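The values are calculated or read from the model by the stated rules, or taken from the named source; none is laboratory data. These numbers were taken from a predicted model, which means no experiment stands behind them. Cβ placement follows ideal geometry from the backbone for every residue including glycine, while neighbour counts extend to all protein chains displayed.
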Amino acid sequence: MEDQHNLELYYDGVLENVALHLTGEYKAVEVDYLDLRKNGIVKSFRITRQVDRSILEIIVSIPYNFPDVFPVVTIPDPLFSEIYPIPHLDLHKVLCVFDAEIAHPNSENPNGVLDEVINKAFVLIKEGNSGQNSSDYIEEFESYWGQDAKSQLLSLISITSEPKEIDIITFKQKNWNENRIVTDSRREGEYWLIKAGAKIEAYNKAFYLPLRTMGNPPFPTLNCDFLKLLIIKNPEIVKPFLDFLDNNKRPTTVVFSVPYKNDFLVGAWEHKLTEKQVITPFKGKVRVQKSLKGFRVGKQNAFLELQRDFRKLVVNKINVMRVDKERLFTRGGDGELPDGMRIGVIGCGSVGSHVIGSLADSGIDQFLLIDEDTLKFENIARHTCGASQVGKPKVEAIKQKLVEHFPYIEISGYKENVLKILKDYSEILNSCFFSIVALGNFSTEWRLNQLQNNGLINKPLMYVWVEPYLAGAHAVYVDPSLNGCFACLFDRQHKFRQSVLADPSLYSKREAGCQSTYVPYSVTEVKRFISDLSFFMDDVRSGKLKENTLFTWLGNLSYQKQNGRRIAGRWAIAENYSVRKVPLSEFGICEHRKK
């Protein structure tokens, strides 16, 4: 057991030790619990304990890799049938004792782990059976609802406080198990699905209900049960619910939300076709009833359907997976989302493409992209797009990549020179909250600065560029309503005053051929720069930045010095991978603005 270099010997030794502990300490009896054998279980033990006046029994099953994972606790019949449902117990008779996502077993003390699991299991059974922990049901709502679910659908709907009619779209997507999605509008759903590579097959109407509660398990199963639940616990939505059923054929899907902490739990159910077998008084013949008694065929009265004629029809429960932007960024981010913000990016090369990716990851979902170039093989080592996109315009390659990842993103792309676009459509950048200029072309940047100073461009620009070998990189934020502009950072010879390298032009490289000069740097350093730049961009988006500012990122200066690259005096003793932010006001009053 001491030799942990051989995992098989180690796990076998632990198993032998815990078997002795369970049989000695708990008088456990080894059982062959076949239900769990296929899940990596190597031994199972029955443990019986008297709690108050009740005799409780659990099965503790040891996985092959215990103590690196928790043992599995199940409740066998007849106890399971007597107490189910209780919080933390599922239909497979498994009792969730500890959440493995937030709790971890102490592998140095296997017997201690067993003791904790066993004691907690009996506590959960006692509390669940007595109703002491019934409030825990809401935390496991999706698990309980999902146990009975017959299917799953995706959801793009916005959670609202009022019932509403929604659309449900049936589709095919070769990589997904789901084939239906609910959405606030057909257009929204079509747009999302097409960008996700799905083929649309059919449309129907569905209904959304904002419930105050679904109560505790067991959840309703029949038409009459669901109607009763709504009448008793959510009476304000009964009428719109019945009105919708009156006007729509079966099967009918109903999506609901239930408040949970600062969010919502979402599920769905489906009322089946109104059809049941009826035994007639005459000779006991069986016929199929498909409509309401006393009503013409095709006429509907939802209340009588659910309460009288088809009250015993089983309702299908449906799992709902939210794929709306709010849910995705709450689950996979910090929950803070930009509200309807459009960002322009001029230049979709190596720097620009990574800036775009960073903005999309932060939740920006509206982009204006401008770049006249086509993606080439020589670009892909530093670009976010790869070989499969070579030959496409860079704006189209990035658009395809982003919408496949985030189907809700809206992108307008222009394969044009930005000055040509501005010549024909002078207001295009003014439709953006601000725009990133990542061209690496000084003449164009200088012209954009003049257009900003002259008032043609009235929205902020952020000029971004990198120095050779990523010794440093810079971003200049310029709001035309504030002091300072891009030109304030350059001397009369157009030399940048804050370069990290003493003379960056010495380190540009050139391949054979005219106009083939390029700046050498690695994608690893670009990503590191963009990571730090993202916090600066967040300050801009959130309105925290109150002055026009120069953002300077310092790379691995020690490495540059070791390779004989001279660092400018102002940065000689600066720290590797550090950041400086300097207001443009420190460079004096801007002399470039039109008087």
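General remarks:
- Test: residue in segment 144-152 that is basic (Lys, Arg) and modelled with pLDDT of 85 or more: no
- Single condition residue 134 does not satisfy, out of (1) in contact with a strand residue (DSSP E or B) (Cβ under 7 Å, 6 or more places away or on another chain); (2) farther than 30 Å from residue 68 by Cα; (3) among the small types (Gly, Ala, Ser): (1)
- Pairs with Cβ under 7 Å, 6+ apart, first in segment 566-587 and at positive phi, second of a type outside the set (Lys, Arg): 577/554; 577/555; 577/556
- Taken over segment 183-196, the criterion of being touching an Asp or Glu at 6+ places or on another chain (Cβ under 7 Å) and either in a strand (DSSP E or B) or surrounded by fewer than 15 Cβ atoms within 10 Å (Cβ to Cβ) (or both) is satisfied by 183, 185.
- Number of residues in segment 364-395 that are out of contact with any Ser or Thr (no Cβ under 8 Å at 6 or more places or on another chain) and of a type in the set (D, E, K, R) equals 6.
- Selection count, segment 245-278, where residues are at pLDDT below 90, closer than 20 Å to residue 307 by Cα and assigned to a strand (DSSP E or B): 3
- Here residue 513 fulfils each of the conditions (1) modelled with pLDDT of 95 or more; (2) on the phi > 0 side of the Ramachandran plot apart from (1).
- In the condition set (1) more than 42 Å from the chain's Cα centre (by Cα); (2) of a type in the set (Phe, Trp, Tyr); (3) over 14 Å from residue 497 (Cα atoms), residue 577 is compliant with all but (1).
- You will find that of 115, 136, 77, the residue that is part of a loop (DSSP other than H, G, I, E, B) and acidic (Asp, Glu) is 77 and no other.
Condition check ((1) farther than 20 Å from residue 259 by Cα; (2) modelled with pLDDT under 85; (3) surrounded by fewer than 16 Cβ atoms within 10 Å (Cβ to Cβ)) across all residues:
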{"site": "117", "(1), (2), (3)": "yes, no, no"}
{"site": "121", "(1), (2), (3)": "yes, no, no"}
{"site": "129", "(1), (2), (3)": "yes, no, no"}
{"site": "141", "(1), (2), (3)": "no, yes, no"}
{"site": "154", "(1), (2), (3)": "no, no, no"}
{"site": "162", "(1), (2), (3)": "no, no, yes"}
{"site": "169", "(1), (2), (3)": "yes, no, no"}
{"site": "172", "(1), (2), (3)": "yes, no, yes"}
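- Residues in segment 420-443 that are in contact (Cβ under 8 Å) with a residue 40 or more places away in the chain and either of a type in the set (A, V, I, L, M, F, W, C) or outside the structural domain of residue 538 (by TED's automatic domain parsing) (or both): 421, 428, 429, 432, 433, 434, 436, 437, 438, 439, 442.
- In the set 313, 369, 328, only one residue is in contact with a helix residue (DSSP H, G or I) (Cβ under 8 Å, 6 or more places away or on another chain) and under 30 Å from residue 260 (Cβ atoms); that residue is 313.
- Segment 328-364, subset hydrophobic (A, V, I, L, M, F, W, C) and farther than 24 Å from residue 441 by Cα, residue modelled with the lowest pLDDT: 337
- Members of segment 388-407 that are in contact (Cβ under 8 Å) with a residue 60 or more places away in the chain and surrounded by fewer than 17 Cβ atoms within 10 Å (Cβ to Cβ): 404
- Here residue 61 clears all of (1) in a loop (DSSP other than H, G, I, E, B); (2) surrounded by 15 or more Cβ atoms within 10 Å (Cβ to Cβ); (3) touching a helix residue (DSSP H, G or I) at 6+ places or on another chain (Cβ under 8 Å) except the condition numbered (1).
- Of the criteria (1) surrounded by 20 or more Cβ atoms within 10 Å (Cβ to Cβ); (2) in a strand (DSSP E or B), which one residue 412 fails: (1)
- Residues considered: 465, 446. Of these, the only one that is over 22 Å from residue 580 (Cα atoms), assigned by TED's automatic domain parsing to the domain that holds residue 542, of a type outside the set (Val, Ile, Thr) and not in a loop (DSSP other than H, G, I, E, B) is 446.
- Close contacts from segment 232-252, counting a first residue that is closer than 21 Å to residue 216 by Cβ and a second that is surrounded by fewer than 18 Cβ atoms within 10 Å (Cβ to Cβ) and not small (Gly, Ala, Ser), with Cβ to Cβ under 7 Å and a gap of 6+ residues or different chains, come to 233/212; 233/213; 234/212; 238/231.
- Those residues of segment 468-507 which are buried (at least 24 other Cβ atoms within 10 Å of the Cβ), assigned to a strand (DSSP E or B) and touching a Ser or Thr at 6+ places or on another chain (Cβ under 7 Å), in sequence order: 472, 477
- Residues of segment 279-327 satisfying the condition of being modelled with pLDDT under 85, assigned to a strand (DSSP E or B) and surrounded by 13 or more Cβ atoms within 10 Å (Cβ to Cβ): 289
- Being buried (at least 16 other Cβ atoms within 10 Å of the Cβ), aliphatic (A, V, I, L, M) and in contact (Cβ under 8 Å) with a residue 40 or more places away in the chain is true of residue 86.
- Criterion violated by residue 104 - all others in (1) of a type outside the set (A, V, I, L, M); (2) crowded, with 19+ Cβ neighbours inside 10 Å; (3) outside any helix (DSSP H, G or I) satisfied: (2)
- Residue 68 within 31 Å of the chain's Cα centre (by Cα), without any contact (Cβ under 8 Å) to a residue 60 or more places away in the chain and farther than 30 Å from residue 131 by Cβ: yes
- Residues of segment 43-67 that turn out to be out of contact with any Ser or Thr (no Cβ under 8 Å at 6 or more places or on another chain), β-branched (Val, Ile, Thr) and closer than 17 Å to residue 24 by Cα, as a count: 2
- Considering segment 449-460, the residues that are out of contact with any Lys or Arg (no Cβ under 6 Å at 6 or more places or on another chain) and outside any helix (DSSP H, G or I) include one that is surrounded by the most Cβ atoms within 10 Å (Cβ to Cβ), namely 457.
- Note on segment 537-572: residues that are closer than 27 Å to residue 507 by Cα and either in a helix (DSSP H, G or I) or over 42 Å from the mean Cα position of the chain (by Cα) (or both) total 16.
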